[in-house]
Amino acid sequence: MALSLNFFWHMHQPDYRNAEGVMGMPWVFLHAIKDYYEMPWLLSRYPALKATFNITPPLIEQLMLYIERGASCDLFLTLWGKEPRDLSSDERAYVTKICNSTQFDTMVKPFHRYVELYKRDDLNDIEFIELEVLFMLAWCGNYLRQNDPTVDRLIKKGQGFTGGDKRELLDALMGFVGTILPFYRELLEKGQISLATTPFNHPILPILIDMNNAQRSNPETKIPPNHFPLIEDAKEQVRRSVELYEKIFGRKPTGFWPAEGAVDEKSVEIYKAHGLRWIATDEAILFKSLGSDRREELYRRYTFEDLFIAFRDHGLSDLIGFTYRFWEGDRAADDFIAHLHKIDTEIENASVSVILDGENAWEFYHNNAFDFFDALYRKLDQIPWCRTVTMDELSEAPEKSLPRLHPGSWIYGTFDTWVGHPEKNAAWELIYQTKSDYLHHRQRLSPETDGKITDHFLAAECSDWFWWYGEDHYTDYAEEFDQLFRSHLIEIYRLMEVAAPAVLFKPITGDKKNLHALINEPKFPIHPTIDGRVTSFFEWLGSGMIDETKLFSTMDKVRGPIEKIYWGEDIDTLYIRLDGEMEKLKESGEVRIYVKGLENTIDIDLRRKPKDGLISMAIDRIVEIGIRKRLHFHDMESVRMRLEVLIDGEVVQVLPGVAELVVDLNEDYSEHWFV
């Protein structure tokens, strides 16, 4: 029998939308005019060939947004469409940054006028329009260059573009975007492609389900200390994805590409519950699951718990993704086919899965990889010993069942690309803390608000944010990605009508200072007098302290009345001290304390002294609070707390701004003893 070749092209962009629904970066649009139509079109030129395409929900939704709202949904396109004289200096700098981000050798060089203008900082308004038009033309793929009269005319014009040229080009490209998803549906209905999708916001599903999977995959990985399962989020990511796919393509999906090829046994259960027949991941997962790295095992067909799993040939996929960009098209195609022929001669009835990004590699190829794909597809169309198949077809004849499924991703079979580095873990800790704060308020939220909050949690769980944290990957847009990630969590607090913690306004990326280093832990027991004053120098000496002012953003809305938090304990009482602006707190202030493990909050009205004797409180120059440990915390060994400061019933500050306040109730301070 012939070798079965499964091409699997993954199309994905993260959700670039901010709280107002405007995309902060234009990469969905740019890849739409260069790759999303072009890749299936290249295949369709050879009707006997087949392949599988994966389209992620954020990509689908953002393509639909261009159809519904036009350029107004995209910050870059909105600015690009303006006359240069109407741009502020910051807006002009942003447009310039994007226009100068194009790959020089493969995309800029073919346009001689683009070369002259590229990365010049002294452009007049006429030259600036030329730069904008040339940038957009450079991103137009071969299909548009061959079939769109406006694109063809402007490429031939070459320079001297006007504002009218810009408007005509944008109109043509906006119309083209609306043809992309229908084209996939057409090829799906013809049977030339299988079409798959991914959990809704492209999350690493196994570490949403259980962060301990990161250490099961690699025991050396350092995971966030305060993690907890986000299983309901994981299920919702899959449910929403299935729902959107059915809405767009008129049928339920048969398979998924798990984001980043990330798999574990529990995520398989979720996929099966939605009727999926197959998923795909990397060869490293197969070899670790089998406990063997024998290459011949890669070319068999496997199931786990009756779910078919295709395993990616890493070497062949990387040849297309990274190596062939430097080769002439026919030579690269011949080399690829030679690798396939070697497999075919050594392994009877082999199945080969070539799985990779379907959009980002081609800008590094000359001619957007047209020469390579045209040669490769033409030659494959003529080879009798190799047949291209879809994932639906491949999954119809499984051969072996796996006894276990190793948790991991397509990168080294671990999750280290998305967790483990201090920056990555800091982002996870922000998600966990925001989720904890949300659970405190969930019962009072309307269904509409709760739904919007869920949207932002799912968006914050996208793998792309964690990809760019740390030093393992570089982008000129790290700050923008960082801001987008944190904006989702900030918006959750806004929807809850709770002041967002100051740490959410502090960039994660590039900040090598460990935020936990800002926490000074208690050194020995304290015995303060609860009178709202610093009665003596010694009464709070030895307490823990967090200086909230070091977390304050320059944005005034982050500032709250409390500047420093002190805490400590003696054998009977947990003490908390708040320093800052006291006047409004005296008039209408409250402190609400959430303790993990306690059903009820500890509510303290700063306008009047507590009456029950379980809590002592005084406010004058400072706020001092004493909480009887045995009566409140019973048999708890440690207390994890969050404090909310309210004025006139509104939450104006969440404390600490960096993390939960953790108090060891059995602390003997022996590590601080000295003689």
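Values in this text are rule-based calculations from the coordinates and carry no lab data. Every value quoted in this text rests on a predicted model; they were computed, and no experiment measured them. Cβ sites come from the backbone with ideal geometry, for glycine too, and all protein chains shown count toward neighbours.
Per residue of region 10-25, in order, report the coupling 6.51 cos²θ - 1.76 cosθ + 1.60 (Karplus, θ = phi - 60°) as ³J(HN,Hα) in whole Hz, putting x for Gly and Pro. Each residue's phi maps through the Karplus curve to give 9, 10, 8, 9, x, 7, 8, 6, 8, 4, 8, x, 9, 6, x, 9 Hz. Shown in residue order for region 492-509 are the 3J(HN,Hα) couplings computed by the Karplus curve 6.51 cos²θ - 1.76 cosθ + 1.60 at θ = phi - 60°: 4, 5, 4, 5, 7, 6, 10, 4, 5, x, 4, 4, 5, 9, 9, x, 8, 5 Hz (x for Gly and Pro).
Given the C-alpha centroids of region 351-402 and region 414-458, what is the distance between them in whole angstrom? About 38 Å separates the Cα centre of region 351-402 from the one of region 414-458.
3J(HN,Hα) along region 176-181: 5, 4, x, 8, 5, 5 Hz, from the Karplus curve 6.51 cos²θ - 1.76 cosθ + 1.60 with θ = phi - 60°, whole Hz, x for Gly and Pro. Relative to the current alpha-carbon distance between Glu186 and Asp605, full extension at 0.36 nm per residue lengthens the span by 144.4 nm.
Highest mean packing comes first when the peptides 289-296, 604-611, 492-499 are listed by Cβ atoms within 10 Å, giving 492-499, 604-611, 289-296.
Principal-axis analysis of the Cα atoms of the chain puts helix 329-346 at an angle of about 80° to the longest axis.
Evaluate E = 1/(1 + (r/R0)^6) for Lys252 and Arg167, where r is the Cβ-Cβ distance and R0 equals 51 Å; express this FRET efficiency to the nearest 0.05.
Details: r = 41 Å, r/R0 = 0.80.
Here the calculated transfer efficiency is 0.80.
Pop the C-beta distance of Lys586 and Arg331 into the FRET formula with R0 = 56 Å and round what comes out to the nearest 0.05.
Working: r = 79 Å, r/R0 = 1.42.
FRET efficiency, Lys586 to Arg331: 0.10.
Projected label points at Arg378 and Glu232, each 7 Å from Cα along the beta carbon direction, are separated by 5.8 nanometres. Over every Cα atom in region 328-427, the radius of gyration and the widest Cα-Cα span, Dmax, amount to 18.2, 53 Å.
What is the dipole size for region 67-181, taken about its Cα centre, with +1 at each Lys and Arg Cβ and -1 at each Asp and Glu Cβ, in debye to the nearest 20?
Details: 15 positive and 19 negative charges, 59 e Å.
Dipole about the Cα centre, nearest 20: 280 debye.
For the chain, what does the helix formula give at 222 nm: sum of -39500 (n - 2.57) over DSSP H segments with n ≥ 4, over the residue count, nearest 500 deg cm²/dmol? Each step should come with its number before you reach the end.
Details: 26 runs with 258 residues, N = 675.
Per the formula, -11000 deg cm²/dmol.
Residue separation of Thr303 and Arg444 scaled by 0.36 nm, minus their Cα-Cα distance, works out to 46.3 nm of gained length.
One way to sum up the overall shape of the chain is the equivalent ellipsoid from its Cα gyration tensor, whose semi-axes run 52, 32, 20 Å, largest first.
Taking only the Cα atoms of region 422-500, the radius of gyration and Dmax are 13.4, 42 Å.
Projecting the Cα atoms of Ala48, Cys73, Leu63 onto the charge dipole of region 23-158, computed from C-beta unit charges around the Cα centre, puts Ala48 farthest toward the positive end.
Note on region 515-672: dipole from Cβ charges, positive end direction compared against Phe524, Val658, Leu643; the farthest Cα belongs to Leu643.
Can you give the Kirkwood hydrodynamic radius for region 588-661, in Å, rounded to one decimal and based on Cα pairs?
Details: mean 1/r = 0.0761 Å⁻¹.
Its Kirkwood hydrodynamic radius stands at 13.1 Å.
Across all C-alpha atoms in region 1-147, the radius of gyration and Dmax reach 17.8, 66 Å. Given region 192-295 reduced to its alpha-carbon atoms as identical point scatterers, what log10 I(q)/I(0) does the Debye formula return at q = 0.13, 0.14, 0.17, 0.23 Å⁻¹? Computed log10 I(q)/I(0) values: -0.51, -0.59, -0.82, -1.25.
Placing +1 on the Cβ of every Lys and Arg and -1 on the Cβ of every Asp and Glu, with nothing else charged, gives the chain a dipole about its Cα centre of roughly 760 debye.
Label separation (Lys564 vs Gln146): 7.1 nm, computed from points 7 Å beyond Cα along the C-beta direction.
Using Cα pairs under 8 angstrom and six or more residues apart, how large is the relative contact order of the chain, in percent? For the chain, the relative contact order is 14 percent. Stokes-Einstein diffusion for region 67-181 at 20 °C, viscosity 1.002 mPa s, with a Kirkwood radius from C-alpha pairs, works out to 148 µm²/s.
The amide H of Gly420, built 1.01 Å from its N in the peptide plane, has Asn425 as neighbours under 5 Å, considering only residues 5 or more places off or on other chains.
What does the highest-first list of 233-242, 105-114, 406-415 look like by mean Cβ count within 10 Å? Intermediate results must be reported in sequence, preceding the final value.
Numbers: 233-242: 20.5, 105-114: 16.6, 406-415: 23.9.
Descending packing order for the listed peptides: 406-415, 233-242, 105-114.
Please pull out the direction-averaged projected area of region 515-672, using the convex hull of its alpha-carbon atoms, in nm² to one decimal place.
Values: hull surface 37.3 nm².
Its Cα hull, projected and averaged over all orientations, spans 9.3 nm².
Using a cut-off of 25 Å between Cα atoms, the listed pairs Lys50/Lys288; Lys266/Lys424; Lys550/Lys629; Lys247/Lys452; Lys342/Lys379; Lys235/Lys452 include Lys50/Lys288; Lys550/Lys629 as exceeding that distance.
Tell me which residues come under 5 Å, amide H to amide H, from Ser353 once H is placed; ignore anything under 5 positions away on its chain. The list, which skips near neighbours in sequence, is Asn6, Asp313. Peptides 540-550, 31-41, 378-388 ranked from most to least packed, by the mean per-residue count of other Cβ atoms within 10 Å: 31-41, 540-550, 378-388.
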